[in-house]
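Participant: Structure below; questions to follow.
The values are calculated or read from the model by the stated rules, or taken from the named source; none is laboratory data. Because the structure is a prediction, the values reported are computed rather than measured. Every residue, glycine among them, receives a Cβ derived from its backbone with ideal geometry; neighbour counts consider all protein chains shown.
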Amino acid sequence: MSTELPPYFFRVRDNGALVFRVEAADRMRRIEMEQIATVNIRNGEIKPNGDRALSDEDVTAIKEWMQERILLLAERDIDDILRTVDHLNTTAHWAQARATEEQLELVEDALLLAMHDLRTVLVRKKAERMMRERGMA
């Protein structure tokens, strides 16, 4: 752990974070964390905690964190989807090479419906993109 503490700590939650100001309180290196705001990255809302007024420095740090968090979550989404492609490939190999009839009975309907739904969405989205690219939409 570095000897220098960051000025802010963001406790991540589903739609954003609770924002804390971090301070080394005394010579014994006790850490004080004071909640200063709540952040919602879905709607961009920054709510000061209680009657607090946020400084320009606070708001700038929070907005920077929000931008970085949005980028990180987008990267994670793509990584999750690429992992799903890998899982689909390993599932296909499992179904072809190792699955018993009883195992296939347990998963076939759920897999077929999920893959049909995914295929329908992907085909529609691709068709919409192609129509826009050709100026037909």
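Participant: Among the residues of segment 23-30, are any surrounded by 13 or more Cβ atoms within 10 Å (Cβ to Cβ), within 30 Å of Tyr8 (Cα to Cα) and assigned by TED's automatic domain parsing to the domain that holds Phe10?
Facilitator: yes
Participant: Please work out if Ala37 is touching a Pro at 6+ places or on another chain (Cβ under 7 Å), modelled with pLDDT of 95 or more and of a type outside the set (S, T, N, Q).
Facilitator: yes
Participant: Here is a further query. Give me the pairs, please: first residue somewhere in segment 71-99 and under 22 Å from Gly44 (Cα atoms), second residue anywhere and of a type outside the set (D, E, K, R), beta-carbon distance under 9 Å, and either six or more positions apart or on two chains.
Facilitator: What qualifies is Leu73/Ile41.
Participant: Among the residues of segment 37-48, is there at least one that is within 18 Å of the chain's Cα centre (by Cα) and basic (Lys, Arg)?
Facilitator: yes
Participant: Within segment 45-61, take every residue that is among the hydrophobic types (A, V, I, L, M, F, W, C) and assigned to a loop (DSSP other than H, G, I, E, B) and give me the one that is surrounded by the most Cβ atoms within 10 Å (Cβ to Cβ).
Facilitator: It comes out as Leu54.
Participant: If I go through segment 75-104 residue by residue, how many of them are over 20 Å from Leu118 (Cβ atoms) and loosely packed, with under 11 Cβ neighbours inside 10 Å?
Facilitator: Selection size over segment 75-104: 6.
Participant: Of a type outside the set (A, V, I, L, M, F, W, C), in contact with a strand residue (DSSP E or B) (Cβ under 6 Å, 6 or more places away or on another chain) and either in a helix (DSSP H, G or I) or outside the structural domain of Met115 (by TED's automatic domain parsing) (or both): is that true of Thr90 in this structure?
Facilitator: No, not satisfied.
Participant: So Leu5 ticks every box in (1) assigned to a helix (DSSP H, G or I); (2) surrounded by 13 or more Cβ atoms within 10 Å (Cβ to Cβ); (3) more than 25 Å from the chain's Cα centre (by Cα) but one. Which box is left unticked?
Facilitator: (1)
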